[in-house]
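Below: the structure, in structure tokens.
The values are calculated or read from the model by the stated rules, or taken from the named source; none is laboratory data. Nothing here was measured: the structure is a model prediction, and the numbers come from that model. In this analysis, Cβ positions are derived from the backbone assuming ideal geometry, glycine residues included, and neighbour counts consider all displayed protein chains. Note: areas computed on protein heavy atoms with side chains; ligands, DNA, RNA excluded. Shrake-Rupley method; radii C 1.70, N 1.55, O 1.52, S 1.80 Å.
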Amino acid sequence: MQELTHYINGEHVAGTSGRQADVYNPATGEIQAQCPLASKSEVDRAIEIASAAQPAWAAVNPQRRARVMMKFVELLNRDMDKLALALSREHGKTLPDAAGDVQRGLEVVEFCIGAPHHLKGDFTDSAGPGIDMYSMKQPLGVSAGITPFNFPAMIPMWMFAPAIVCGNAFILKPSERDPSVPIMLAELIEEAGLPKGILQVINGDKEAVDAILNNPTIQSVGFVGSTPIAEYIYATGCANGKRVQCFGGAKNHMIIMPDADLDQAADALVGAGYGAAGERCMAISVAVPVGDETADRLIAKLIPRIEALKVGPYTSGNDVDYGPVITSAAKENIERLVQTGIDQGASLVVDGRNLKIQGYEDGFFVGAHLFDNVTTDMDIYKKEIFGPVLSTVRAKNYEEAIGMALSHEYGNGTSIFTRDGDAARDFANRINIGMVGINVPIPVPLAYHTFGGWKKSMFGDLNQHGVDSFKFYTRTKTVTSRWPSGIKEGGEFSIPVME
Ligand code: NAD
């Protein structure tokens, strides 16, 4: 049994709390490692180390900090296969999908190479007689990030790369369900030249998270995960005076208009609904065909595609479309919700129950499910299932379809498939959802744009990566300066007004 560690001050450090979590190989169902769960004192100690290391790092000029990112990109590419393999072993996703997880994080690191440009302040020459005014973007100090299991490479990099290039130290608390890759990333960025203590990985659960939220040295907290925890972290972090951004769950609708290319829409739905076993916050979980004729034709095209999906372990390479879900508890939750769908009257037109993979009978595999005739009062419509289950809700017309997406409590991503530019434009303008695809099923913005949902999918003001990340991880200070030749004699008692 492998004993995992924390990564503190450039070293693997064994846990001392006496508490541990099991880490599974989801493909076999075996416990393959023990992950230490940090106590408050272990977290506080790491924060102290980060705080001591941060001023020297902030004093390194931005160009040199960016060079660490440049080297980090090179090392991520060098170790891509190794990282993908470690990721698949703990998460279960296929190897190409795991490499994509690393790649999308790497792209944020690439974006961070442009930090010297983004960290430039503004300058006004002669704002008044002999007066100049300029702004500086200064690091916050020590920031922290709490990340989910489903993208153990990409999401940590979304957070720590911009935080660090801005001159902060960073405490990463990854998911205790797949904790190995975050530590590999910390080792790699140190190999790229990052001083010890600037990126530390603390494994843990609620106790570690609460220690972060209650530590006064922590200036900002980023969170990605489920909505109830996002709400808790946002409320607690804000109440403790921290800058907080929290990204929560999702229920992403795809509207299929009668004029859409239905083969294209069906292909898109299968990839977006079942890829990564549906364990993506941008997965499409609701298909909304407009009109019964569209619905009937779409369902007819979806059924054979879904029945042909190959489910299996990551060791099968390119031969599988998706792997197991993360834990047996996740599998049971999905199966329970499928049963609720049946009980509440939805039609299960592709039944993925009782899937068994030969040789992997104890793995956490879930077959692909397709529901038709789902209504908006059903649990399978209202709740995030986070599994390979697609619900079809038939809409009479476009207004009814957009109305569903508008009224749903989540607002992460959405998509419309149509050949009608007017409908697409209207949808993009009116929808109250953060990321919109037009004939694109998973509209995840690239690193130089920003990522974030609306409604109960996001709590805070600034998005992930892109220019928002430089705002989130810096504070603006504005300096007004006047040198002796510009200073009049005598004090000024009214508010200064520029002449
Ligand atoms: P989760 O909320 O269970 O866990 C996320 C993190 O919070 C983990 O690090 C975990 O250790 C910690 N945590 C868990 N319980 C806690 C508690 N009671 N108090 C404090 N911290 C706690 O989420 P998950 O299952 O790892 O990830 C899946 C969820 O993440 C889904 O809801 C998915 O939609 C969401 N997600 C959202 C985005 C996005 O950008 N909006 C991206 C990826 C995943």
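So for the stretch 366-499, considering every pair of alpha-carbon atoms, how many percent are separated by more than 22 Å? Of the Cα pairs, 57 percent sit more than 22 Å apart. Taking K and R as +1 and D and E as -1, what net charge do the other residues with C-beta under 14 Å from the C-beta of Val320 add up to? Net of charged neighbours comes to -1. Return the Rg/Rh ratio of the chain with Cα-based radii and a Kirkwood Rh. Radius of gyration relative to Kirkwood radius: 1.03. Mean residue ellipticity at 222 nm, helices only, the chain: -12000 deg cm²/dmol; runs of at least 4 DSSP H residues each add -39,500 (n - 2.57), and the sum is divided by the number of residues. Under 8 Å for C-alpha pairs, at least 6 residues apart: give me the relative contact order for the stretch 252-438, rounded to a whole percent. Reported as a whole number, the value is 29 percent. A straight Cα-to-Cα reach below 16 Å connects Lys137 with the lysines Lys120, Lys471, Lys477, residues fewer than 8 places away in its own chain not being considered. Computed from the alpha carbon atoms alone, the convex hull of the stretch 28-101 holds 122 Å³ per residue. At an R0 of 56 angstrom, the distance between the Cβ atoms of Asp422 and Thr315 translates into a FRET efficiency of 0.70.
For the stretch 252-438, carbon and sulfur atoms together expose 45% of the accessible surface, with a 1.4 angstrom probe and every protein chain in place.
Take the chain with all the other protein chains still there, run a 1.4 Å probe, and you get 41 Å² of accessible area per residue. Our note on the geometry: Cα centres of the stretch 97-154 and the stretch 159-187, 15 Å apart. Subtracting the Cα-Cα distance of Lys477 and Ala56 from 0.36 nm times their residue separation leaves 149.6 nm of extension gain. The mean sequence distance of close C-alpha pairs (under 8 Å, at least 6 residues apart), as a share of the length of the chain, puts its relative contact order at 19 percent. Gain on full extension, evaluated as 0.36 nm per residue between Gln63 and Thr16 minus their Cα-Cα distance, stands at 13.1 nm.
Here's the picture: a label point sits 7 Å out from the Cα of Asp263 along the beta-carbon direction, and within the stretch 419-445 the residues with their amide nitrogen under 17 Å of it are 419.
Charges were assigned to the Cβ only: +1 to each Lys and Arg, -1 to each Asp and Glu. The resulting dipole of the stretch 1-150 about its Cα centre is roughly 220 debye.
Taking a straight Cα-Cα cut-off under 14 Å and skipping sequence neighbours fewer than 8 places away in the same chain, the aspartates and glutamates within cross-link reach of Lys396 are Asp292, Glu293, Asp296. The simple Förster model, with R0 at 22 Å and r as the Cβ-Cβ distance, assigns Ile31 and Ala239 a FRET efficiency of 0.05. Using a simple spin-label model with pseudo-atoms 7 Å out from Cα toward Cβ, Ile303 and Asp125 lie 7.4 nm apart. Taking amide H as placed 1.01 Å from N in the peptide plane, the amide H of Leu199 sits under 5 Å from that of Phe170, each at least 5 places away or on another chain. Looking at the stretch 252-438, what % of the alpha carbon pairs are farther apart than 19 Å? Value for the stretch 252-438 (Cα pairs over 19 Å): 55 percent. Would you list which aspartates and glutamates come within 17 Å of Lys455, measuring only between C-alpha atoms, while excluding same-chain residues fewer than 8 positions from it? List returned: Glu231, Glu384, Glu409. I'd like the FRET efficiency for Phe493 and Gln138, computed as 1/(1 + (r/R0)^6) with the beta carbon distance as r and R0 of 30 Å, rounded to 0.05. In this case the efficiency is close to 0.45. For the pair Leu406 and Glu361, the difference between a 0.36 nm per residue extended length and the Cα-Cα distance amounts to 12.1 nm.
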